[in-house]
1. So, restricting to strands (runs of 3 or more DSSP E) that lie completely within the chain, which ones have at least 1 residues that are free of Cβ contacts under 8 Å to residues at least 12 places away in the same chain and of a type outside the set (G, A, S)?
2. Please find, among W49, W9, W14, W78, the residue that is open to solvent by 100 Å² or more (accessible area, probe 1.4 Å) and among the aromatic types (F, W, Y).
Amino acid sequence: MNTNMFNEWFPDKWLKPADLNGEDTRFTMRGLTKEKVGKEQDERVVLEWVDEGVKPLILNRTNGKTIRKLYGDNVSDWRGRPVLLY
């Protein structure tokens, strides 16, 4: 591997701020799933994207409430809607 970038040496399955390279980025939501994550295998809500090659985002309550304000309580209505991450 010919790189000095930490994230390339230690890749992660989940989208994190460093993946955005300091840029505001718009993604399109595919939908929500529940997955077991971390050492403890806690079940968490995961937001998946329509966009190719974009890692899923573990959705916390605060981010979920923000999206709900934009698109409503019915999460199936979120499909195809844009989200700007920064």
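1. In the chain, the matching strands (runs of 3 or more DSSP E) lie at 25-37, 42-49.
2. Among W49, W9, W14, W78, only W9 is open to solvent by 100 Å² or more (accessible area, probe 1.4 Å) and among the aromatic types (F, W, Y).
The values are calculated or read from the model by the stated rules, or taken from the named source; none is laboratory data. Note that this is a predicted model, so its numbers are computed, not measured. Counting neighbours? That spans all protein chains shown, and the Cβs are built from the backbone with ideal geometry, glycine included. Heads up: the accessible areas ignore ligands, DNA and RNA and are worked out on the full protein's heavy atoms, side chains in. Shrake-Rupley method; radii C 1.70, N 1.55, O 1.52, S 1.80 Å.
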